[in-house]
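As structure tokens, the structure follows; a few thoughts come after it.
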Amino acid sequence: MSSSPAKQVVLVTGGSGLVGQGLQWVLENEPVGSRYGKLEGEEWVFLSSKDGDLKDAAAVEAIFQKYKPTHVIHLAALVGGLFRNMREKLTFLRDNLLINDNVLETSHQHKVTKLVSCLSTCVFPDKVEYPLDETKVHLGPPHQSNFGYAHGKRLVDVQNHAYNDQFGDNFTSVIPTNIFGPGDNYSIEDGHVLPGLCHKAYLAKKNGTPFVVWGSGKPLRQFIYSRDLAKLFIWTLREYEEIDPVILSVGEDEEVSIKTVADAVVKSIGFTGEYKFDTSKSDGQFRKPASNEKLLRLINSKGVEPFKFTPFEQAIDESVAWFVENYDTARTGVIPQ
Ligand code: NAP
Ligand code: GFB
């Protein structure tokens, strides 16, 4: 007699955000039972802040009592682009420390089998030999522009090791580079560069006004599409076996300049008007190239089809199309009149 697989409940904190929506999309679109698809006996719960404020320990406990997760993907965070990080360093530090401590401790108390938390390449030291890799997280202070958020995130790796050393908990983390995709935060003041530029190009086209890129356009970034990242999260949850973090990124040879991103967004939106740079605005960190050598070595190791990233321009076109189609309901930071 064949026994049915044990029931697994995967709780996704921050399930309504950019990365959470990417996960939902992949689970809905990959074949059931495939490497990145839903498995038999597996239930996914996607949380938003409406389910409770994760800064509040009692709210987190109530969520865990309600859903009884066996696995947790921890995405929830106070998230912002360079300019919001520069303005609100203490809030980014405190909110993220509280959210992370509550989610990790409650996962420990509830004997969660595996927890995967989400860091960011800003956790790395500002001054360190490139490329960034998983061994370099704690080798020096992060860039001053976002040290609040960076230290808050970096401590998750410290906690993961402490929970594992003292209690044997299977808590790990991933380090994605800059992410973009459908359902992003398109706020111009608070969001990241790619959704911010989409919003600016959309308004410039609609209103016949200039398109303004902040900074010099020269800094370099590695971008990962949220739907590719979602597959890598599912791989991490099911197949990655270390407590140390793993970088989830395209190759270090795939850095692009902010100007290249702006050109691609303008082309995808179909804006042909005046285009300029406001060099009074910060460039932030010039570059932070991260190696995906560990990821590719592990994910491609089992004689399976090598992992394929979506081509950058295709991913931009899909993201821009989503934004244009969903402008009225997207997170634009604009309060409807
Ligand atoms: P996002 O779109 O801003 O989503 C944030 C999510 O967290 C939302 O679901 C939000 O809920 C939830 N949340 C925020 N504060 C909360 C609170 N106090 N209590 C409960 N839920 C709360 O962010 P994202 O871009 O998907 O980021 C996901 C993860 O990736 C984060 O850990 C972030 O640090 C990391 N990351 C992001 C980037 C990037 O470029 N976006 C790059 C590297 C790493 P509501 O929807 O209800 O507000
Ligand atoms: O995505 P972004 O805000 O974050 O990109 P970071 C900032 C870069 O894009 C800077 C330029 O070089 C900006 O000068 N830029 C040009 C713009 N136009 C715009 C615009 O309209 N909006 C924005 N936001 N930037 C964040 C960190 O750094 O990256 C976070 O602050 C986090 O902590 C995140 O790690 C992934 O890559 O500079």
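For the chain, the relative contact order is 19 percent, taking Cα pairs closer than 8 Å that sit 6 or more residues apart in sequence and dividing their mean separation by the residue count.
Counting only protein chains, not ligands or nucleic acids, how are W214, W25, W235, W44 ordered by accessible area (probe 1.4 Å), most first? It would help to have the intermediate numbers written out before the result.
Numbers: W214 55, W25 95, W235 5, W44 30 Å².
Putting W214, W25, W235, W44 in descending order of accessible area: W25, W214, W44, W235.
Distant-in-sequence amide contacts of Q8, defined by a placed amide H-H separation under 5 Å and a gap of 5 or more residues or a different chain, comprise E42, E43.
Compactness of region 16-79, taken as the C-alpha radius of gyration over 2.2 N^0.38 Å, stands at 1.23.
Taking all C-alpha pairs of region 67-166, those more than 17 Å from each other amount to 53 percent.
Report note on the peptides 284-293, 179-188: ranked by the mean count of other C-beta atoms within 10 Å, highest first, their order is 179-188, 284-293.
When the Cα positions of G208, V320, L98 are compared along the charge dipole of the chain, G208 comes out farthest toward the positive end, with charges on each C-beta of Lys, Arg, Asp and Glu.
Cross-link reach is defined here as a Cα-Cα straight distance under 18 Å, omitting same-chain residues fewer than 8 places apart; for K55 the lysines meeting it are K66, K89, K153. Under 16 Å of direct C-alpha separation, and excluding same-chain neighbours fewer than eight residues apart, K50 reaches these aspartates and glutamates: E61. Summarising the amide proton neighbourhood of R331: residues at separation of 5 or more, or on other chains, whose placed amide H is nearer than 5 Å comprise Y186. For region 222-337, the extents of the C-alpha atoms along the principal axes are 50, 32, 25 Å, listed from largest to smallest.
When the alpha carbon gyration tensor of the chain is reduced to an equivalent ellipsoid, the three semi-axes, largest first, read 32, 22, 21 Å. In terms of overall dimensions, region 92-151 has a Cα radius of gyration and Dmax of 13.7, 40 angstrom.
Taking only complete DSSP H runs, can you tell me which helices of the chain stretch 27 Å or more along their own long axis by Cα positions and average at least -1.0 on the Kyte-Doolittle scale? Let's see the in-between values first.
Working: long enough: 89-109 (30 Å, -0.37); 147-167 (29 Å, -0.85).
Qualifying helices, which must be both long enough and hydrophobic enough, are 89-109, 147-167.
This model, with +1 at the C-beta of Lys and Arg and -1 at the C-beta of Asp and Glu, gives region 1-97 a dipole about its Cα centre of some 280 debye.
Straight-distance candidates among the aspartates and glutamates for linking to K205, with alpha-carbon spacing under 17 Å and chain neighbours fewer than 8 residues away dropped: D263, E274, D317, E325, D328.
Which percent of the Cα-Cα distances in region 100-212 go past 16 Å? Display every interim value, and only then the final one.
On the way: 4312 of 6328 pairs.
Result for the distance tail: 68 percent.
Heavy-atom accessible area with a 1.4 Å probe sorts E254, E241, largest first, into E241, E254. For region 226-316, lysine pairs with C-alpha atoms less than 27 angstrom apart, excluding pairs fewer than eight positions apart on the same chain, total 17.
The values are calculated or read from the model by the stated rules, or taken from the named source; none is laboratory data. What you are looking at is a predicted structure, and each value in this text was computed from that prediction instead of being measured. No Cβ is skipped: glycine too gets one built from the backbone with ideal geometry, and neighbour counts run over all protein chains shown. The protein model used for the area step is the full one, side chains on, heavy atoms only, and it has no ligands, DNA or RNA in it. Shrake-Rupley method; radii C 1.70, N 1.55, O 1.52, S 1.80 Å.
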